[in-house]
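Take a look at the structure set out below.
Computed from the coordinates by the stated procedures, all read-outs in this text should not be read as laboratory data. None of the values given here were measured: they were computed from a predicted structure. FYI the Cβ positions are ideal-geometry reconstructions off the backbone, even for glycines, and counts take in every protein chain you see.
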Amino acid sequence: MRASRFLAPTLKEAPQAAVVQSHQLMLRTGMIRQVAAGIYNVLPLGLRTLRKVETIVREEMNRAEALELTMPVVIPGQLWQESGRWDYYGAELLRFTDRKQGDFCLGPTHEEVITSLAASEIKSYRQLPMNLYQIQTKFRDEVRPRFGLMRGREFVMKDAYSFDKNADDAQASYWRMHEAYTRIFKRCGLDFRAVEADTGNIGGSLSHEFQVIADSGEDAIAVCERCGYAANVEKAELRASETQVCADVSIDEHLTPEKGSIESVCQHLGIEAKAMIKCVAMMGDGEPVLALVRGDHDLSEPKLRALLGVDLLVPATEQEIADRFDSVPGFIGPQGRPADLQIVADHGVAAMGHGVTGANRKDYHVSGLCHGRDFDAQFADVRQPVESDGCGRCGSGRFRFRRGIEVGHIFYLGTKYSEAMNATVLDENGKAVPLEMGCYGIGIGRTAAAAIEQSHDHQGIVWPVPLAPFEVHLLRLGKEAEVSERCDALYESLLAGGLEVLYDDRNERPGFKFKDAELIGCPWRVALGRRGLEAGQVEVVNRSTGERSDMDFGDLVSFLCGEILPARNPLL
């Protein structure tokens, strides 16, 4: 592609609203332009990379014997009401009515549509297993869209849905997709980890996130230095602390006026946060539950939700704390509770022996509170880890934290949607049983953005070969007819060799072209000017390593083909 005929409007500086590097560099290279908050035009340079991600995804999904289809972006609200998610999903679901006052939404995900399709078209176990996927536009009305394609409102996603006759087959389909995703991100040339994760509002009982490792990542990942177990910090399994027998201490009441936070109570009483019992009032599917963690720890809501087996877990409101917990926000304690109030305490509380907590009345705390003597609780792992916590999977290693960008997420759904929407199949005995389902998503634009976050420098993007919009950036330095003729010939020979070439044939200064080339970040740069023409050589630069060499014209194509063609698919 000749740059003189290509739309890639580069910028010297990114708009101030662009915070992360991928957003800045996608704007500066002319890959994207904003239309509205979280909604973007994808320009030709950006689309080339997105298409490469799509191609890799499509090839690996087809290799895993998934079948491609397309589902609508506009979905009737009736399907979401049938699954029970119309109200539960929240404000991210953009709802509207048509001219007949029918309820519709823009699809943020397609479990309802695909389940409805399966209910009408899959009738016998002989049709199973089946995996259907699409690469389609989604819309989620994010409250604060940011970071360009990393967290937009409108985005392109690959979503797949597996259907099986029983749980064992469904889990086999799940792990087949896990393998396919591993291949996809390896082929993209990314450094990533598959980590255990919360199922969120999609639902289900088993879930993995595929996280691209990057310092700018929004997600914290806990990785065991011994066994390699990795999980989202909210999901990471912790080694249980040894339970301490309650010391022979008395309960004392302390006046703590307006001290409703852990920090203010500690400062007022002259104690450390680890000496406090933090009480968190929650509502699980409308029922109260009191969660206890050590004062310097944070509750993991996903762990608690999984333990309780509830779909909806939210913090109790001030009114609910008064009515259902008979207490005051900031001064809640577990003592004196009725037997029907469920209390769940983290193992860290069991290891305390005794602690300081709220007195269940405003402006008062108590010290010397002991589990077993002053309150009873179900003990479980319900907190988020901190650096160097013990790994609960191997029992001997310790966690180290990494930052990651979620680019893929897979879920084993079970019968959550099939039962709600009556999607059944006749088994070998002629009995109607609900379909066992899984769902599997990859953010196409997010994968491209994550690649930039992982691989860039102060000059611009450093593309891995599989995702680069072009593999070779050929620069014509000078306006002499002989230089132009030789560059034209090199361009044609590189194309004939099967390489993807961006040929900068513009009448611009060499320095301008070099800066654009570094900014766009094609894996290889080839430059020819008058001096090189006289020597019969071109300058070849590896964008990743910065290594430079002068090469004879006749050796260029074979050299670059030898470097680039194998790198297109790292698994070959």
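What to note about this one:
- Computed lengthening from T545 to E13, 0.36 nm per intervening residue step minus Cα-Cα distance: 189.1 nm
- Normalised Debye scattering of the chain at q = 0.06 Å⁻¹ gives log10 I(q)/I(0) of -0.41, counting only Cα atoms as equal scatterers and leaving out solvent.
- Formal net charge of residues neighbouring A351 (Cβ-Cβ distance under 13 Å; K, R +1; D, E -1): -1
- Taking all Cα pairs closer than 8 Å and separated by 6 or more residues, the relative contact order of the chain comes to 17 percent.
- Less than 5 angstrom separates the built amide H of L206 from those of Y412, all sequence-distant by 5 or more or on a different chain.
- Computed from Cα positions, the angle between helix 553-567 and the longest principal axis of the chain comes to roughly 20 degrees.
- At full extension, D252 and E492 could sit 77.8 nm farther apart than now, given 0.36 nm per residue minus the alpha carbon distance.
- Working from Cα pairs under 8 Å separated by at least six residues, relative contact order for region 437-503 is 27 percent.
- Tensor-based shape of region 23-182 (alpha-carbon gyration tensor, a/c under 1.5 rounded, otherwise prolate or oblate): oblate
- Helix 44-63 axis, angle to the chain major axis (alpha carbon atoms, nearest 10°): 70
- For region 358-428, the ratio of Cα radius of gyration to the globular rule of thumb 2.2 N^0.38 Å stands at 2.01.
- Tilt relative to the chain, helix 481-496 - C-alpha long axis, 0 to 90 degrees, to 10: 60
- Proximity of backbone amide H atoms, modeled 1.01 Å from N, is registered between D457 and V462 at under 5 Å, excluding neighbours fewer than 5 places apart on the same chain.
- All distinct Cα pairs of region 252-380 go into the 1/r average, and the inverse of that average, the Kirkwood radius, is 14.5 Å.
- Our coupling estimate for region 346-362, obtained by passing each phi through the Karplus curve with A = 6.51, B = -1.76, C = 1.60 and θ = phi - 60°, is 6, 4, x, 6, 5, 7, 7, x, 8, x, 9, 8, x, 9, 6, 8, 4 Hz, Gly and Pro reported as x.
- One decimal place: the segment D326-E263 gains 20.3 nm when fully extended, by the rule 0.36 nm per residue minus the C-alpha distance.
- Over 19 Å (Cα to Cα) - which of K259/K303; K12/K515; K52/K186; K186/K235 fall in this group: K259/K303; K186/K235
- Residue-wise HN-Hα coupling along region 471-476, computed from phi with Karplus coefficients 6.51, -1.76, 1.60 (Hz; x: Gly, Pro): 8, 10, 10, 9, 10, 8
- At R0 = 22 Å, FRET efficiency that the Cβ-Cβ distance of W175 and Q127 yields, to 0.05: 0.55
- Taking all pairs of distinct alpha-carbon atoms in region 167-311, Kirkwood radius in angstrom: 19.0
- Paramagnetic label reach from K100 (point 7 Å along Cα→Cβ; backbone nitrogen cut-off under 13 Å): within region 59-78, residues 76-78.
- Label-point gap, in nm, between S388 and N507 - each point 7 angstrom along Cα→Cβ: 6.7
- Convex hull volume per residue in cubic angstrom - Cα atoms of region 470-567: 86
- Averaging the Cα positions of each part gives two centres, and for region 229-286 and region 71-96 these lie 39 Å apart.
- Value of relative contact order over region 470-567, rounded to a whole percent, pairs C-alpha under 8 Å and six or more apart: 31
- Under-5 Å amide H pairs with G353, H placed in peptide plane, nonlocal only: Q244
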